[in-house]
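Read the structure below first, then the notes.
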Amino acid sequence: MDSIIVRGGSELRGQIPIAGAKNACLALMPATLLSEEPLTLTNAPRLSDIRTMTQLLESLGAEVSSMQGGKVIAMSTHDLASTRADYEIVRKMRASNLVLGPLLARAHEAEVSLPGGCAIGARPMDIHIEALTALGAEIELKDGYLHALARGGLRGGRVPLRFASVGATENVLMAATLARGGTVIENAAREPEIVDLARCLRAMGAQIEGEGTSTIEVQGVDRLGAATHRVVTDRIELGTYMLAPAFTGGEVECLGGKLELIGAFCEKLDAAGIDVTETEAGLKVRLRGDRPRAVDVTTEPFPGFPTDLQAQMMAMLCTAQGTSRLEEKIFENRFMHAPELVRMGARIDVQGGHATVTGVDKLKGARVMATDLRASVSLILAGLAAEGETMVSRVYHLDRGYEHVEEKLGAVGAKIERVTE
Ligand code: EPZ
């Protein structure tokens, strides 16, 4: 297993290229199942999760070829070979459940393993099931698999989501494109990844309005065609690297960054004393003064503060001036980075979904362990600020969502290297 070693104390200066969004690409790829025509994605990120999704789609009969080092993914699902998403793949990556809607729409049936829990929470699929049932699907749980049937095909309908679930919105949006009649999704998720998926589906011939708002309307069509779509910039990778100068001082320019992708996160950066300037090429970021200021953070669905940036923000607040309060309202167990940061000298008190961080002058390098994707990168950022050497183990978590971290941070002055144990 690989580990990453970081030596703290170097200022960061230079440009960091931001890749295409993992969480957009993982929803865009299953869209190939909706059409017999080719779907090509450009600006795709080079990540292990993308390779996992490729394996799943190939097992269902899609032809997938990646070009330009993985930045272009050409897919074509002329014929389906299977409608079963196997536990072995789904347990590795929850986003595998995004084949459920497309399979139901295309083949009127699907067998998708429940993903099982993951480090950050139970991750049930009840909202997905309610949403697809509203389109006429019959779904039952048998031996750990969702067995779904749409006799005579899906029919449009009113789909009130009791929570603005990102995955449920994506599953029912894709399903509705081929349902008979109109669909209205209420309390839909508003994340940029939803907007990106809707744009891609529209390019394939879908009739969709309202993406990015809480109400999305879809008029079903008989078939979808071919499309080429550029994956939207990854707002979570963007936010992660925008925080880096707050750990080290200096200034970085995140290439491809756009303010509209990061909603409330940007307001919190300003409150913490981090300057953000829009440039031709992206967003330039630097710390005002020599230490960030404490801020309170509550995670919410977009455009609120993203849960996927909570761990990185907590790491930054460990050396801020003052006391910060963080509330994690999206997942039930997403503070596992806290005890690792405490090993580096942070002062963090976790009570259920609340964490109180009292800023300390300096963190100390230590051996720490990554527990989930976003926690792993927060430990690397903490290592940039810490005295001495930090070794982050189990970085396979990191490779799921961040391409070439050591290259990107190393290129702007971080002392960082990957070692294979
Ligand atoms: C997506 O997960 C992202 N993953 C997550 O990113 C992200 O944290 C999450 O949205 C919230 O923004 C992908 O896009 C591949 P949800 P998803 O359905 O769709 C509960 C990362 O680090 N819920 O909005 O699974 C659920 O348990 C990952 O890149 C139900 O109760 O998120 C959670 O507590 C982590 N029943 C909350 O809703 C359901 O049927 C939000 O889940 C579905 C969800």
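Within region 99-114, is even one residue more than 18 Å from Gly61 (Cα to Cα), within 11 Å of the ligand (Cβ to nearest atom) and assigned to a helix (DSSP H, G or I)?
Let us first name the residues in region 99-114 that are more than 18 Å from Gly61 (Cα to Cα), namely 114.
After this cut, where a residue has to be within 11 Å of the ligand (Cβ to nearest atom) as well, the list is 114.
Still in the list and also assigned to a helix (DSSP H, G or I): none.
Checked region 99-114: no residue is more than 18 Å from Gly61 (Cα to Cα), within 11 Å of the ligand (Cβ to nearest atom) and assigned to a helix (DSSP H, G or I).
Can you tell me how many residues within region 55-72 are touching a residue at least 24 places away in the same chain (Cβ under 8 Å) and either open to solvent by 50 Å² or more (accessible area, probe 1.4 Å) or within 16 Å of the ligand (Cβ to nearest atom) (or both)?
Total meeting the criteria: 5.
May I ask you to list the residues in region 153-169 that are within 11 Å of the ligand (Cβ to nearest atom), open to solvent by 50 Å² or more (accessible area, probe 1.4 Å) and more than 19 Å from Val90 (Cα to Cα)?
Within region 153-169, the first condition is being within 11 Å of the ligand (Cβ to nearest atom), and the residues that meet it are 161-169.
Cutting the leftovers down to open to solvent by 50 Å² or more (accessible area, probe 1.4 Å) gives us 162-163, 166.
Result: Arg162, Phe163.
Which residue, of Ala150, Ala131, Ala179, Ala122, is within 16 Å of the ligand (Cβ to nearest atom), among the small types (Gly, Ala, Ser) and open to solvent by less than 30 Å² (accessible area, probe 1.4 Å)? Working first, answer last.
Numbers: Ala150 fails: within 16 Å of the ligand (Cβ to nearest atom); Ala179 fails: within 16 Å of the ligand (Cβ to nearest atom); Ala122 fails: open to solvent by less than 30 Å² (accessible area, probe 1.4 Å).
Only one candidate qualifies: Ala131.
Need pairs with beta-carbon distance below 6 Å; first residue in the same structural domain as Lys284 (by TED's automatic domain parsing) and within region 256-272, second charged (D, E, K, R); sequence gap 6+ or separate chains.
Filtered contacts from region 256-272: Leu261/Arg235; Ile262/Arg235; Ala272/Arg293.
Quickly run through region 182-197 and pick out the residues that are assigned to a loop (DSSP other than H, G, I, E, B) and either open to solvent by 10 Å² or more (accessible area, probe 1.4 Å) or of a type in the set (Ser, Thr, Tyr) (or both). I'd like the intermediate steps shown before the answer.
First, the residues of region 182-197 that are assigned to a loop (DSSP other than H, G, I, E, B): 187-191.
If the condition is that a residue be assigned to a loop (DSSP other than H, G, I, E, B) and either open to solvent by 10 Å² or more (accessible area, probe 1.4 Å) or of a type in the set (Ser, Thr, Tyr) (or both), then Asn187, Arg190, Glu191 are the ones that fit.
Take the conditions at pLDDT below 95, within 12 Å of the ligand (Cβ to nearest atom) and open to solvent by 20 Å² or more (accessible area, probe 1.4 Å) and apply them to Glu300. Does it pass?
no
Can you work out which of the residues in region 303-347 that are of a type in the set (Lys, Arg) and in a strand (DSSP E or B) is surrounded by the fewest Cβ atoms within 10 Å (Cβ to Cβ)?
So in region 303-347, the residues of a type in the set (Lys, Arg) come out as 325, 329, 334, 343, 347.
Retained after the next criterion (residues that are in a strand (DSSP E or B)): 325, 347.
Working: Arg325: 15, Arg347: 13.
The selected residue is Arg347.
The values are calculated or read from the model by the stated rules, or taken from the named source; none is laboratory data. Remember, predicted model here, so these are calculated numbers, not experimental data. So basically every Cβ, Gly included, is an ideal-geometry build from the backbone, and we count neighbours across all protein chains shown. The protein model used for the area step is the full one, side chains on, heavy atoms only, and it has no ligands, DNA or RNA in it. Shrake-Rupley method; radii C 1.70, N 1.55, O 1.52, S 1.80 Å.
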